[in-house]
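The values are calculated or read from the model by the stated rules, or taken from the named source; none is laboratory data. What you are looking at is a predicted structure, and each value in this text was computed from that prediction instead of being measured. Cβ sites come from the backbone with ideal geometry, for glycine too, and all protein chains shown count toward neighbours. Ligands, DNA and RNA are excluded from the accessible area calculation, which covers all protein heavy atoms including side chains. Shrake-Rupley method; radii C 1.70, N 1.55, O 1.52, S 1.80 Å.
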Amino acid sequence: MDGTDWASLATPYGTGESLPAALRRLLDLDPAVRAAAARDALDAVTHQNSIYEATVPVALYVAAILNHPATAAGEHAHEADLQLRHPTLETLLDWIGYTAYDADDERVAKGERHFGEGFLDACPDMRAFRDLRPVIYSAVQPFLTNDNAKVRNAALVAAIPLTEHHALTGHRNQLADHAHRLLSTCTDRYKRDPVLESLIHTRVSARATERGSRP
């Protein structure tokens, strides 16, 4: 946090000068304050499915605080508040997932079809986020077995695009059991659709590999 020159980093709305204060409020003991901070910090680096200069350090900070006790402090006291039914931890994981999909292999493939093979060279912020996927995944992975179903589901949706990184391919099959559990218990289409698509893709890839290995 302190080692980042936030004022020099571009966001869709200017610079990241105001981000440190908002990010620190993500660790406030009051969940209402954290909810407002999430809007101020995360929405400030998210616009039109694009990765900005400030997105990468924000993602690293969010990954670093996922396991901080403050992300769940006081949640139960506000259960009746409709605005706070999504715990802070779920909100942070959701944001990581949205951002990871904005930098996934499909997005890169689309960019290369429209702008040529040098697409990623022209998008250094997206490349930087993609390079950090193993670090971010290591922070997300423990929440795949969280006691809170919403947190588990958000972690799975975030993990799927992160494991496209070549260093994480061994984790893809490990997500299958989590995926089947989500599909059998969750009715949220925004969680179900990417998980179902991932399962289908994994099966197709496995069959193609099997055919290619036959003599």
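For this structure, a couple of remarks:
- Just one of the numbered conditions (1) open to solvent by less than 50 Å² (accessible area, probe 1.4 Å); (2) in contact (Cβ under 8 Å) with a residue 40 or more places away in the chain; (3) within 22 Å of Y137 (Cβ to Cβ) is not true of L60: (1).
- H68 under 17 Å from I136 (Cα atoms) and open to solvent by 70 Å² or more (accessible area, probe 1.4 Å): yes
- Where helices (runs of 4 or more DSSP H) sit wholly within region 5-72, those with at least 2 residues that are farther than 19 Å from P87 by Cβ and at pLDDT 95 or above occupy 19-25, 55-65.
- Taking region 120-133 as the range and being open to solvent by less than 40 Å² (accessible area, probe 1.4 Å), without any contact (Cβ under 8 Å) to a residue 40 or more places away in the chain and touching a helix residue (DSSP H, G or I) at 6+ places or on another chain (Cβ under 7 Å) as the test, the residues that pass are L120, R133.
- Residue in region 112-119 that is open to solvent by less than 80 Å² (accessible area, probe 1.4 Å), charged (D, E, K, R), part of a helix (DSSP H, G or I) and closer than 26 Å to T169 by Cα present: yes
- Checking each residue in region 9-47 for being touching a strand residue (DSSP E or B) at 6+ places or on another chain (Cβ under 7 Å) and of a type in the set (S, T, Y) picks out no residue at all.
- Extreme residue, farthest from R152 (Cα to Cα), among residues of region 77-116 that are at pLDDT 90 or above and of a type in the set (D, E): E112
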